[in-house]
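Laboratory data are not the source of any read-out in this text; all were calculated from the coordinates shown. Quantities reported herein were computed from a predicted structural model and do not represent experimental measurements. Because the Cβ atoms are built from the backbone with ideal geometry, glycine has one as well, and the counts that use them run over all protein chains shown.
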Amino acid sequence: MTKTKLFFTLAISALLSVSAKAQKTPSYSKKIDSIMTTSTPLKFNGVVLVSQNGKIKYLKANGYKDFEKMTALKTNDQFEIMSNSKQVTAVLILQAAEQGKLDLQTPIKKYLPTITQSWADTVTIHNLLNHTHGIVDLEKPVAFKAGSQFKYGNLSYTLLGEILQNTTGESFTELATTLFKKLKMEKTFVYNSKNNQALVPGYRSEHNQFEKVEGSFLNDDIAPAAGIVSTVEDVAKWDQALFKGKLLSPKFQKLFLTPSTSSQHNVFGKESMGFGYNIRFIKEVGLNYYAVTGLGDGFTCLNVYFPSTDTSLIILENQMPRNSEHWSFQEAAIKNIILKSITSK
């Protein structure tokens, strides 16, 4: 080969290499970067992951794991995922139903015989799963007839944890741990008051000042409602298993992916949209997708799955703004970037 031909061969090879690298960088990367690094109206403090077809397309951390020690966050740090935990509980309940250990339409008195209130004879497991139960206190009457309204809360999922124990003979922690091992979610665990492992501390924030949350509200009883600790990569593994039908039979998968009531959340707009067994059914700009949110204890979480492109967006922050107007503010902005990138193609 002549020197001239060699030069052109190397030049073309270099150009193709640059082009390939450019193609590997998603168009939305810089836009997400700008949100993660801005300080208006508040600083982002957490980790963002975008995966497509099970492969990571974007993964970055920004901010601090510990503000006092100025320890930077890492992309594999473990966060409380708050109400995202309920989705795991819902799947465990459906798996128990598949095995004939419980029935979703049976009143909960059968599974929780110690409850003395009359509503235990009318509220079903289905009502607990989609927050249409009306229970406000185990010692008080229901606020509304089961199935007639929606009211989100933690109480029903603590009851579902008890039902799992009574029907399977195993605790929520034991069942969830077995499931996580099966899915190779190696950095995911159920909160234990005696051992919280390498958990990132949560912070309340105001005017970009961060105050560590002392004394978490988590305990062993509330674990089925808000007690799972995980990483963005493990949550992405969860999405792949759940939405690819690896956790439930076709019958129960269809049930899980069918809305049974409705709910409104500011991250997805002002209108009420479909809601099921702790999963939201969203339609924006003509695109249908699934979502679950979490907030509390100094943490903010968002998990969105776009089935049309097999794309997951996972955002975990160890901050919760004191100003409710800023709750999930940046999560919504990043979600909109991914939404636009999909719908503009």
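Quick check: pseudo-label points 7 Å beyond the Cα along Cα→Cβ at THR37 and THR309, how many nm apart are they?
According to this spin-label approximation, the distance is 2.3 nm.
Calculated from DSSP H runs of 4 or more alone, at -39500 (n - 2.57) each and per residue, what is the 222 nm mean residue ellipticity of the chain, nearest 500?
So the helix-based figure for the chain works out to -10000 deg cm²/dmol.
Grab the alpha carbons of the chain, take their convex hull, and tell me the volume per residue in Å³.
173 Å³
Can you put TRP327, TRP238, TRP119 in order, fewest other beta carbons within 10 Å first? Don't jump to the answer; show the numbers that get you there.
Values: TRP327 16, TRP238 26, TRP119 20.
By the 10 Å Cβ count, ascending, the order reads TRP327, TRP119, TRP238.
Take SER29, SER324 and order them by how many other Cβ atoms sit within 10 Å, fewest up front.
SER324, SER29
Looking at the stretch 103-227, I'd like the Rg to Rh ratio, where Rg is from alpha-carbon atoms and Rh is Kirkwood's inverse mean 1/r. Show your work: numbers first, answer last.
Numbers: Rg = 17.1 Å, Rh = 16.4 Å.
When Rh is taken as the Kirkwood radius, the ratio is 1.04.
Per residue, how big is the convex hull of the stretch 160-257 when only Cα atoms are used? Give it in Å³.
Hull volume over Cα atoms, normalised by residue count, gives 143 Å³.
What is the extension gain from SER118 to THR75, computed as 0.36 nm multiplied by their sequence separation minus the C-alpha to C-alpha distance, in nm to one decimal? Write out the running numbers ahead of the final one.
Working: separation 43, 0.36 × 43 = 15.48 nm, distance 4.85 nm.
Using 0.36 nm per residue and subtracting the Cα-Cα distance, I get 10.6 nm.
Starting at 0 and stepping by 10 Å, how many percent of the alpha carbon pairs of the stretch 252-345 end up in each bin?
Over the stretch 252-345, the share of Cα pairs per 10 Å bin runs 15, 49, 32, 5 percent.
Relative to the compact-globule scaling 2.2 N^0.38 Å, provide the ratio for the alpha-carbon radius of gyration of the stretch 198-248.
Working it through for the stretch 198-248, the quotient is 1.56.
I need LYS43, LYS187 ordered by Cβ neighbour count within 10 Å, fewest first.
LYS187, LYS43
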